[in-house]
1. As a check on your grasp of the helix formula, calculate [θ] at 222 nm for the chain: sum -39500 (n - 2.57) over DSSP H runs of n ≥ 4, divide by the residue count, round to the nearest 500.
2. In whole Å, what is the distance between the alpha-carbon centres of segment 235-289 and segment 185-215?
3. For segment 274-288, in order, what is each residue's ³J(HN,Hα) by Karplus, 6.51 cos²θ - 1.76 cosθ + 1.60 with θ = phi - 60°, in whole Hz (x at glycine and Pro)?
4. Would you list which lysines come within 18 Å of K305, measuring only between C-alpha atoms, while excluding same-chain residues fewer than 8 positions from it?
5. Once you have the alpha carbon radius of gyration of the chain, what is it after dividing by 2.2 N^0.38 Å, with N set to its residue count?
6. Kindly provide the chymotrypsin sites (Phe, Trp or Tyr not before Pro) of segment 367-431 that DSSP labels as loop, not H, G, I, E or B, and whose Cβ sees at most 14 other Cβ atoms within 10 Å.
7. Specify the inter-centroid distance of segment 457-505 and segment 89-124, based on alpha-carbon positions, in whole Å.
8. Angle check, please: helix 147-158 long axis (alpha carbons) against the longest principal axis of the chain (alpha carbons), in degrees 0 to 90, nearest 10.
Amino acid sequence: MALLMLASAAVFAADKAEVVVRTDQAGSTISRHIYGHFAEHLGNCIYGGIWVGENSPIPNTNGYRNDIIAALKEIKIPNLRWPGGCFADEYHWKDGIGPRNERPKMINTHWGGVVEDNSFGTHEFLNYCELLGTEPYVCGNVGSGTVEEMSKWVEYITFDGESPMANLRRENGRDKPWKVSFWGVGNENWGCGGNMTPEHYSDLYRNYATYCRNYGDNRLLKIAGGANSSDYNWTEVLMRNVGAGQMWGLSLHHYTVPKGWGPGGKGSATQFSEDEYFTTMEKALFMDELITKHAAIMDKYDPRKRVAFCVDEWGAWYDVEPGTNPGFLYQQNTLRDALLCATTMNIFHKHSDRVRMANIAQMVNVLQAIVLTKDDKMVLTPTYHIYNMYKVHQDATNLPIELLSPSYSVGTRNLPALNVSASKDANGVIHVSIVNLDPKKAISTNCSLGQVAAKSVSGQIVTAADLATFNSFEKPNEVVMTDFKGAKYKDGVLSLTIPAKSVITIALK
Ligand code: AHR
């Protein structure tokens, strides 16, 4: 059956959706790296979040919190971006090596003006990645650094032979180099990373990238600092002036800010009207248009799609929780954020031919965090449970979707209530993920999968009583992932009713 392609624009008012999963059309691989994370020296992301030091009473392994290690391993985090963010373009890596008590201190000018004692540096970060079994994504300093400084950082980390930087690494207790592929050449160089024009940055990129060498069998995958949201000109200039030969990836940063960036506030993380919820989702769905338009520019210069589009900062950005440091960006996380996260991942799946990396901001205690901590307590947020549910899509083959969705309407405004993605993993298991954004109406569907002979059907769901439900340290299990038993599969048709405000993933084996 040929339904109109895709999704987002095609809406009609009813409580039934038509979904076709094109199991006969294998799409691109959904890179596991779109499930990446981001840890900046900001608020309590690093300090108190992932790192407490070896002498802490909080249970730790070599200074890293054990509860967070277990949580991250469970969701198989594929990569971790560090040290920023805006912090990256003020970070001088040599301040963060050697004996911790001798490391110079600095002011974290972007984030609360607090003293950064550099006790978490290159060794602490790269050893953490090894412990987690995740790939490091290091972001170098273009804004206030030098070509020499960045070049020597690469040598320090990755060179195996005799050299001044490799020997310095050995003096600091690490004999063998680390393996580092993902290498960012600056961050937000249109803003906190130097307020540059794209023309100036693209020249600097070429200069810096030239001296980021491949040592031994280490191959750097260099990522150019990309556009701010819909700054399509930035992408145009970078693709024209740098191009596929000199960068592995080009980044994009886009945050969902319900009330915008103005002085009136961004909106509360936990107290919002349905109208504000609607706006949040409308803005989150804008990611589809953004990627489509940036990708069209990239296609013009790179029709073979060699350059990966890396959405290496995204997520919801609300007002900080009352009483917390405004520079620490600490916010709660509700069912609304779970719906936003799953919707965004469905968009990334759809664009998996171009989007090959993404990093939600940020991993612990900052913005749309997957984990929150308070002293020795830790809580998994609703967003965490989406990462857990969606991990089955990592490195699976995307299956195109045809969808006619009922509308979700507020006043005269309409959105497609459903968004859907599907993939087939290496064992032939098909996973279908469906988000119902409508907070009041359940939606039923007979989803067609063609000639798929599945022997078993199982499912998982994330939902809650209210859009604003969240997990607190006192009540950590208000929004969790549970089994969903309401799906049936017969003769190529998957029948289910998706409850209001829920995310479901069905496995067909
Ligand atoms: O994630 C918080 C900040 O948002 C980052 O430091 C910066 O890159 C972006 O503006």
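1. Working: 9 runs with 116 residues, N = 509.
Roughly -7000 deg cm²/dmol at 222 nm, from the helical runs in the chain.
2. Using only Cα atoms to place each centre, the spacing works out to 22 Å.
3. Going residue by residue, I get 5, 4, 5, 4, 4, 4, 4, 6, 4, 5, 5, 5, 4, 3, 4 Hz, with x marking Gly and Pro.
4. Cross-link targets: K222, K293, K350.
5. Values: Rg = 22.6 Å, N = 509, 2.2 N^0.38 = 23.5 Å.
Ratio of Rg to 2.2 N^0.38 Å for the chain: 0.96.
6. Details: sites: Y384, Y387, Y390, Y408; in loops: none.
Loop-located and lightly packed - none at all.
7. Using only Cα atoms, the two centres lie 43 Å from each other.
8. The two axes meet at around 80 degrees.
None of the figures in this text is laboratory data; all of them are computed from the coordinates on show. Not measured: the values here are computed from a predicted model. As a convention, Cβ positions derive from the backbone with ideal geometry for all residues, glycine included, and neighbour counts pool all protein chains shown.
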